[in-house]
């Protein structure tokens, strides 16, 4: 039986809304792939630029010479931009099912310039992750100021690294993580209960969905402070893991075993440093 829901302006048949024209589906998918590729191209380019600087700092540290300098406003802005691009590269693929369903829902309503609502929704979604990038930048700055950040941009203190892993692992086991993951794996349910008309409604829905997504994945992103913020191998691993959690057939059961493993690694690091 078709599921319907009444909104201001009419009744929307959700199964029909989920059916998107092949041309539009290809266009949206291609845009997401292109944006992801551009983000990764930038990260790879940035990694190559930073490699020489990291190698020099590591040599100086080995010789007992520190290169610690306070951040300037430009350093903070650059770091924030790096985090934003990284979040786009890691999260764009996982939001594609929501974008496709949202696009189909808009197409069925016949709203003027309805196609604009899709990028607006995406903008709202990544606004939530831009907020996370502000917090991540502040955390990186604090570690830098405390001289607890290695040249590879990982926590140099085993206790701090262990504490980050322990917190991330425990969070994976919490009901909050479970609720947020359930939301992220149920895009149709989100649209049925949170629909808003118009351009303002699109950005509000995007931000709302982004907040749930942030609640699902923020702790995993914190692991980057342990393995290296610009360790692109680990960035890719975490991106794939997030994608499997959100859209994989067994994604709902990945959180608990992964959380146990991450927490165990954190306990090991803390015990080793004691």
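All of the numbers you see were taken from the coordinates with simple rules; none came from a lab. What you are looking at is a predicted structure, and each value in this text was computed from that prediction instead of being measured. In this analysis, Cβ positions are derived from the backbone assuming ideal geometry, glycine residues included, and neighbour counts consider all displayed protein chains.
So if each residue of separation counts as 0.36 nm, and I subtract the Cα-Cα distance between residue 232 and residue 45, what length gain in nm does that give?
In short, 66.2 nm is gained.
List 209, 144 from most exposed to least, where exposure is judged by having the fewest other Cβ atoms within 10 Å. Before the final figure, lay out each step's value.
Values: 209 24, 144 17.
Arranged by neighbour count, lowest to highest, 209, 144 become 144, 209.
Starting from the Cα-Cα distance between residue 194 and residue 35, subtract it from 0.36 nm times their residue separation and give me the gain in nm to one decimal.
Contour length minus Cα-Cα distance gives 54.6 nm.
Using a/c under 1.5 as the rounded threshold, could you call region 20-273 rounded, prolate or oblate? The axes a ≥ b ≥ c are square roots of the C-alpha gyration tensor eigenvalues, and prolate needs a/b larger than b/c, oblate otherwise.
Since a/c reaches 1.5 and a/b is larger than b/c, the shape of region 20-273 is classed as prolate.
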